[in-house]
Amino acid sequence: MLRKILIGILILISFLLQCTIFHAFAFGGIIPNLLIILTASYGFMGGRKSGMLTGFFCGLLLDIFFGEAIGFSALIYMYIGYINGCFRKIFFPEDIKLPLCLIAASDLVYNFLWYSLLFLLRGRFQIGYYFIHIILPEMVYTVAMALIMYPLILKTDQKLAEREKRSAKKFV
């Protein structure tokens, strides 16, 4: 129960940071996608179900406040969380290469799907411009923020797992 509350609080904090403070640190209008970092992290740390639920609520929050249609971002984030959850078996907490690669790939997939479904279908065919000026800078900025944010998420999750383990020993 404490894990669910913590994830909910982290989703709210990440959403608020992404929508307020990081707009002051935008480079050319590009801000890091903290919710992708959170979704991907809980996907490969907790598995498919954890990634899906975290992704769903992150996307739903974005849809409620900024989306044109409720559920579009929630669906994309949910798939991203599920796919990252498939990498749980090869995830090692001390290795940061896999999480950074998965976060970068998740951001790339999210932005490409966003472009494909919202711009390409409307007849805007400037994929090269969008890729160079929006997708790549956001991916780099997101990975740079993941270098700071991911270790904090990992330590929080490990301390919570230790607490749950100690609590379980009391009842055995």
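The values are calculated or read from the model by the stated rules, or taken from the named source; none is laboratory data. It should be emphasised that the depicted structure is a prediction, and the values quoted were computed from it without experimental measurement. Positions of Cβ are backbone-derived with ideal geometry, glycine not excepted, and every protein chain shown enters the neighbour counts. Side chains are part of the model used for accessible areas, which takes the heavy atoms of the whole protein and leaves out ligands, DNA and RNA. Shrake-Rupley method; radii C 1.70, N 1.55, O 1.52, S 1.80 Å.
Name the one entry in Leu35, Leu16, Leu75 that is out of contact with any strand residue (DSSP E or B) (no Cβ under 8 Å at 6 or more places or on another chain) and over 23 Å from Leu147 (Cα atoms).
None of the other options fit; the residue is Leu75.
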- Task: Filter region 6-30 down to residues that are of a type in the set (Val, Ile, Thr), modelled with pLDDT of 95 or more and open to solvent by 30 Å² or more (accessible area, probe 1.4 Å) and give me whichever is farthest from Ile134 (Cα to Cα).
- Result: Ile9
- Among the numbered criteria (1) at pLDDT below 95; (2) within 26 Å of His133 (Cβ to Cβ), which single criterion is violated by Leu35? (1)
- Query: Can you pull out the residues in region 43-87 that are open to solvent by less than 10 Å² (accessible area, probe 1.4 Å) and among the aromatic types (Phe, Trp, Tyr)?
  - Reply: Phe44, Tyr77
- When (1) without any contact (Cβ under 8 Å) to a residue 12 or more places away in the chain; (2) in contact with a helix residue (DSSP H, G or I) (Cβ under 8 Å, 6 or more places away or on another chain); (3) surrounded by 13 or more Cβ atoms within 10 Å (Cβ to Cβ); (4) not small (Gly, Ala, Ser) are applied to Ile90, the one that fails is (3)
- Query: Taking the stated definitions as given, is Lys169 closer than 19 Å to Ser50 by Cα and in a helix (DSSP H, G or I)?
  - Reply: no
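Based on what the data block shows, is Arg163 open to solvent by 60 Å² or more (accessible area, probe 1.4 Å), in contact (Cβ under 8 Å) with a residue 24 or more places away in the chain, out of contact with any His (no Cβ under 8 Å at 6 or more places or on another chain) and farther than 21 Å from Phe25 by Cα?
yes
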- Query: Within the set of pairs 6+ apart or on separate chains, which have a first residue in region 102-125 that is at negative phi, a second that is open to solvent by less than 70 Å² (accessible area, probe 1.4 Å) and among the polar types (S, T, N, Q), and C-beta atoms under 6 Å apart?
  - Reply: Leu102/Asn84; Asp107/Asn33; Asp107/Thr142
- Query: Could you count how many residues in region 96-135 are within 14 Å of the chain's Cα centre (by Cα), open to solvent by less than 40 Å² (accessible area, probe 1.4 Å) and not charged (D, E, K, R)?
  - Reply: 8
